[in-house]
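The next block holds one structure in the form of C-alpha coordinates; read it before the comments.
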Amino acid sequence: MDKMLNIALPKGRLGEKVYAIFEEAGFECPSIKENNRKLIFENNEAGVRYFWVKPSDVAIYVERGAADVGVAGKDIILEYAPDVYELCDLGMGKCRMAVAAPKGFSDDVNRTLRVATKFSKIAKDYYSSIGRDIDIIHLNGSIEIAPILGLSDVIVDIVETGTTLKENDLEVIETILPISARLIANKSSFKFKTEMIEKVAGSISRLTEGNK
Ligand code: PRP
(Lines give C-alpha, C1' and ligand atoms only; values in the text may rest on other atoms or scores of the structure.)
Protein backbone atom coordinates (compact mmCIF):
# COMPACT_ATOMS: atom_id res chain seq x y z
CA MET A 1 0.00 0.00 0.00
CA ASP A 2 1.06 3.58 -0.69
CA LYS A 3 2.76 4.87 2.47
CA MET A 4 2.44 8.50 1.43
CA LEU A 5 -0.45 10.61 2.59
CA ASN A 6 -2.27 11.99 -0.46
CA ILE A 7 -3.74 15.42 0.17
CA ALA A 8 -6.16 17.24 -2.16
CA LEU A 9 -6.01 21.00 -1.80
CA PRO A 10 -8.45 23.48 -3.36
CA LYS A 11 -6.60 25.35 -6.10
CA GLY A 12 -6.60 29.09 -5.49
CA ARG A 13 -6.10 31.61 -2.72
CA LEU A 14 -7.76 29.53 0.00
CA GLY A 15 -5.68 26.49 -0.99
CA GLU A 16 -2.47 28.47 -0.62
CA LYS A 17 -3.46 29.53 2.88
CA VAL A 18 -4.41 25.96 3.70
CA TYR A 19 -1.05 24.69 2.42
CA ALA A 20 0.71 27.21 4.70
CA ILE A 21 -1.06 25.59 7.67
CA PHE A 22 -0.02 22.09 6.57
CA GLU A 23 3.54 23.40 6.21
CA GLU A 24 3.45 24.84 9.70
CA ALA A 25 2.12 21.51 10.94
CA GLY A 26 5.29 19.81 9.64
CA PHE A 27 3.96 18.44 6.36
CA GLU A 28 6.01 20.71 4.16
CA CYS A 29 6.65 20.20 0.47
CA PRO A 30 8.99 23.01 -0.67
CA SER A 31 8.69 22.22 -4.40
CA ILE A 32 5.05 23.34 -4.29
CA LYS A 33 6.21 26.95 -4.29
CA GLU A 34 8.53 26.60 -7.26
CA ASN A 35 6.10 25.72 -10.00
CA ASN A 36 2.61 27.03 -10.50
CA ARG A 37 1.60 24.83 -13.43
CA LYS A 38 2.32 21.43 -11.99
CA LEU A 39 -0.56 19.90 -10.09
CA ILE A 40 1.15 17.15 -8.07
CA PHE A 41 3.97 17.65 -5.59
CA GLU A 42 5.56 15.28 -3.14
CA ASN A 43 8.03 15.20 -0.30
CA ASN A 44 9.18 11.68 0.47
CA GLU A 45 10.83 12.61 3.75
CA ALA A 46 7.66 14.16 5.14
CA GLY A 47 5.58 11.38 3.54
CA VAL A 48 3.16 13.73 1.80
CA ARG A 49 1.90 14.16 -1.73
CA TYR A 50 -0.24 17.19 -2.59
CA PHE A 51 -2.68 17.63 -5.49
CA TRP A 52 -4.16 20.96 -6.55
CA VAL A 53 -7.72 20.34 -7.67
CA LYS A 54 -10.74 22.47 -8.45
CA PRO A 55 -12.29 23.37 -5.07
CA SER A 56 -15.62 21.76 -5.94
CA ASP A 57 -13.83 18.50 -6.89
CA VAL A 58 -11.92 17.96 -3.62
CA ALA A 59 -14.76 15.92 -2.10
CA ILE A 60 -14.87 13.58 -5.10
CA TYR A 61 -11.12 12.88 -4.96
CA VAL A 62 -11.42 12.11 -1.26
CA GLU A 63 -14.63 10.09 -1.48
CA ARG A 64 -13.16 7.86 -4.21
CA GLY A 65 -9.82 7.47 -2.41
CA ALA A 66 -7.68 9.25 -5.03
CA ALA A 67 -6.77 11.47 -2.09
CA ASP A 68 -6.67 10.30 1.54
CA VAL A 69 -7.57 13.70 2.93
CA GLY A 70 -8.53 17.08 1.52
CA VAL A 71 -9.91 20.47 2.36
CA ALA A 72 -13.37 21.33 1.07
CA GLY A 73 -15.93 24.01 1.82
CA LYS A 74 -18.95 23.05 3.92
CA ASP A 75 -21.07 24.19 0.93
CA ILE A 76 -19.58 21.47 -1.27
CA ILE A 77 -19.89 18.87 1.49
CA LEU A 78 -23.58 19.63 1.96
CA GLU A 79 -24.35 19.89 -1.73
CA TYR A 80 -22.68 16.65 -2.85
CA ALA A 81 -23.00 14.79 0.48
CA PRO A 82 -19.84 12.72 -0.16
CA ASP A 83 -19.37 9.57 1.94
CA VAL A 84 -16.32 10.87 3.85
CA TYR A 85 -15.34 11.73 7.42
CA GLU A 86 -15.36 15.40 8.34
CA LEU A 87 -12.42 15.75 10.73
CA CYS A 88 -12.19 19.41 11.62
CA ASP A 89 -13.28 22.93 10.87
CA LEU A 90 -10.36 25.11 9.74
CA GLY A 91 -12.31 28.31 10.35
CA MET A 92 -10.95 29.58 7.02
CA GLY A 93 -12.72 30.60 3.81
CA LYS A 94 -15.59 31.83 5.90
CA CYS A 95 -18.74 32.95 4.13
CA ARG A 96 -22.44 32.14 4.30
CA MET A 97 -25.07 30.47 2.17
CA ALA A 98 -27.93 32.89 1.74
CA VAL A 99 -31.12 33.66 -0.11
CA ALA A 100 -30.91 36.99 -1.94
CA ALA A 101 -33.47 38.94 -3.92
CA PRO A 102 -33.84 42.27 -5.72
CA LYS A 103 -34.25 45.14 -3.26
CA GLY A 104 -37.87 45.49 -2.15
CA PHE A 105 -38.80 41.91 -3.08
CA SER A 106 -41.78 40.49 -1.22
CA ASP A 107 -42.64 36.82 -1.41
CA ASP A 108 -46.10 35.87 -2.68
CA VAL A 109 -46.64 32.58 -0.85
CA ASN A 110 -49.50 31.60 -3.16
CA ARG A 111 -47.06 31.18 -6.01
CA THR A 112 -44.21 28.73 -6.53
CA LEU A 113 -40.96 30.52 -5.80
CA ARG A 114 -38.41 30.34 -8.60
CA VAL A 115 -34.93 29.84 -7.14
CA ALA A 116 -31.75 30.10 -9.23
CA THR A 117 -28.69 28.43 -7.73
CA LYS A 118 -25.55 26.37 -8.16
CA PHE A 119 -26.51 24.63 -4.90
CA SER A 120 -29.72 22.80 -5.80
CA LYS A 121 -29.62 20.32 -2.94
CA ILE A 122 -28.93 22.95 -0.29
CA ALA A 123 -31.73 25.12 -1.69
CA LYS A 124 -34.20 22.19 -1.86
CA ASP A 125 -33.36 21.08 1.68
CA TYR A 126 -33.73 24.60 3.01
CA TYR A 127 -37.11 25.31 1.37
CA SER A 128 -38.45 21.89 2.25
CA SER A 129 -37.50 22.56 5.90
CA ILE A 130 -39.69 25.67 5.87
CA GLY A 131 -42.42 24.04 3.77
CA ARG A 132 -42.16 26.42 0.80
CA ASP A 133 -42.87 25.19 -2.75
CA ILE A 134 -40.10 26.06 -5.15
CA ASP A 135 -38.96 25.59 -8.69
CA ILE A 136 -35.18 25.14 -8.92
CA ILE A 137 -33.33 26.71 -11.82
CA HIS A 138 -29.87 25.17 -11.75
CA LEU A 139 -27.14 27.48 -13.05
CA ASN A 140 -23.36 27.12 -13.06
CA GLY A 141 -22.28 30.68 -12.33
CA SER A 142 -23.20 34.38 -12.49
CA ILE A 143 -26.29 33.47 -10.47
CA GLU A 144 -26.88 37.12 -9.56
CA ILE A 145 -28.07 37.84 -13.08
CA ALA A 146 -31.07 35.48 -12.87
CA PRO A 147 -33.46 37.69 -10.85
CA ILE A 148 -32.38 40.79 -12.76
CA LEU A 149 -33.45 39.17 -16.02
CA GLY A 150 -36.61 37.70 -14.52
CA LEU A 151 -35.31 34.13 -14.85
CA SER A 152 -35.88 33.61 -11.12
CA ASP A 153 -37.44 35.39 -8.12
CA VAL A 154 -34.52 34.79 -5.75
CA ILE A 155 -31.10 33.17 -5.68
CA VAL A 156 -29.40 30.86 -3.22
CA ASP A 157 -25.69 31.54 -3.30
CA ILE A 158 -22.52 32.15 -1.34
CA VAL A 159 -22.07 35.61 0.12
CA GLU A 160 -18.65 36.59 1.33
CA THR A 161 -18.16 40.35 1.36
CA GLY A 162 -21.60 41.10 -0.12
CA THR A 163 -20.04 43.15 -2.91
CA THR A 164 -21.41 41.03 -5.75
CA LEU A 165 -24.97 41.37 -4.43
CA LYS A 166 -24.59 45.11 -3.87
CA GLU A 167 -23.19 45.71 -7.35
CA ASN A 168 -26.23 43.93 -8.77
CA ASP A 169 -28.89 45.61 -6.59
CA LEU A 170 -29.64 42.47 -4.65
CA GLU A 171 -29.83 41.96 -0.90
CA VAL A 172 -29.76 39.04 1.50
CA ILE A 173 -33.23 38.14 2.72
CA GLU A 174 -32.32 34.99 4.65
CA THR A 175 -29.10 33.38 5.84
CA ILE A 176 -29.27 29.62 5.41
CA LEU A 177 -26.02 28.64 7.11
CA PRO A 178 -22.45 29.69 7.79
CA ILE A 179 -19.75 28.11 5.61
CA SER A 180 -16.07 27.40 6.26
CA ALA A 181 -13.37 25.02 5.06
CA ARG A 182 -13.28 21.49 6.51
CA LEU A 183 -10.63 18.77 6.62
CA ILE A 184 -12.18 15.59 5.23
CA ALA A 185 -10.86 12.04 4.99
CA ASN A 186 -11.56 8.99 2.88
CA LYS A 187 -13.16 6.32 5.07
CA SER A 188 -10.92 3.42 4.14
CA SER A 189 -7.77 5.59 4.21
CA PHE A 190 -8.76 6.55 7.73
CA LYS A 191 -8.80 2.87 8.65
CA PHE A 192 -5.43 2.07 7.07
CA LYS A 193 -3.53 5.32 7.67
CA THR A 194 -5.15 6.18 11.01
CA GLU A 195 -2.01 7.35 12.77
CA MET A 196 -0.91 9.71 10.03
CA ILE A 197 -4.37 11.12 9.42
CA GLU A 198 -4.98 11.67 13.12
CA LYS A 199 -1.62 13.40 13.37
CA VAL A 200 -2.52 15.72 10.48
CA ALA A 201 -6.00 16.41 11.86
CA GLY A 202 -4.66 17.08 15.36
CA SER A 203 -1.98 19.52 14.18
CA ILE A 204 -4.32 21.31 11.76
CA SER A 205 -7.00 21.58 14.40
CA ARG A 206 -4.56 23.07 16.94
CA LEU A 207 -3.08 25.53 14.44
CA THR A 208 -6.50 26.78 13.34
CA GLU A 209 -8.06 26.92 16.82
CA GLY A 210 -7.95 30.71 16.85
CA ASN A 211 -9.93 31.01 13.60
CA LYS A 212 -13.16 29.67 15.09
C1 PRP B 1 -19.05 33.43 -5.27
C2 PRP B 1 -20.56 33.63 -5.27
C3 PRP B 1 -20.72 35.09 -5.52
C4 PRP B 1 -19.47 35.69 -4.92
C5 PRP B 1 -19.79 36.31 -3.59
O6 PRP B 1 -18.62 33.22 -6.55
O7 PRP B 1 -21.17 32.83 -6.25
O8 PRP B 1 -20.83 35.37 -6.89
O9 PRP B 1 -18.53 34.65 -4.73
O10 PRP B 1 -18.69 36.99 -3.05
P11 PRP B 1 -18.83 38.46 -2.45
O12 PRP B 1 -19.97 38.44 -1.47
O13 PRP B 1 -17.51 38.70 -1.76
O14 PRP B 1 -19.06 39.41 -3.57
P15 PRP B 1 -17.15 32.68 -6.86
O16 PRP B 1 -16.16 33.77 -6.75
O17 PRP B 1 -16.89 31.49 -6.00
O18 PRP B 1 -17.24 32.29 -8.38
P19 PRP B 1 -18.18 31.27 -9.13
O20 PRP B 1 -19.55 31.88 -9.20
O21 PRP B 1 -17.55 31.15 -10.47
O22 PRP B 1 -18.17 29.99 -8.35
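The values are calculated or read from the model by the stated rules, or taken from the named source; none is laboratory data. Given the structure is predicted, the values throughout are model-derived calculations rather than measurements. Neighbour counts run over all protein chains shown; Cβ positions are idealised from the backbone, glycine included. For accessibility, only protein heavy atoms count, side chains too; no ligands or nucleic acids. Shrake-Rupley method; radii C 1.70, N 1.55, O 1.52, S 1.80 Å.
To the nearest 20 Debye, how big is the dipole of the chain about its Cα centre, given +1 on the beta carbon of each Lys and Arg and -1 on that of each Asp and Glu? Provide the component values of the computation, followed by the final result.
Numbers: 28 positive and 32 negative charges, 74 e Å.
Dipole about the Cα centre, nearest 20: 360 debye.
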By accessible area (1.4 Å), largest first, Tyr50, Tyr61 order as Tyr61, Tyr50
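Rounded to the nearest 0.05, what FRET efficiency do Lys54 and Ile148 give with R0 = 25 Å and r taken as the Cβ-Cβ distance? Could you check? Each step should come with its number before you reach the end.
Working: r = 27 Å, r/R0 = 1.09.
FRET efficiency, Lys54 to Ile148: 0.40.
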quick note, the range 95-178, DSSP beta bridge pairs, % antiparallel (nearest 5) is 60 percent
A correct Stokes-Einstein calculation for the range 137-212, using the alpha-carbon Kirkwood radius, 20 °C and 1.002 mPa s, returns a whole-number D in µm² s⁻¹ of 134 µm²/s
Check: C-alpha center the range 163-185 vs C-alpha center the range 70-118, spacing in Å is 7 Å
Rounded to the angstrom and largest first, Cα extents along the principal axes for the range 95-178 equal 30, 26, 22
Here the chain gives, from Cα atoms, an Rg and Dmax in Å of 19.3, 64
Compactness summary of the range 1-67: radius of gyration and Dmax from Cα atoms, Å, are 11.2, 32
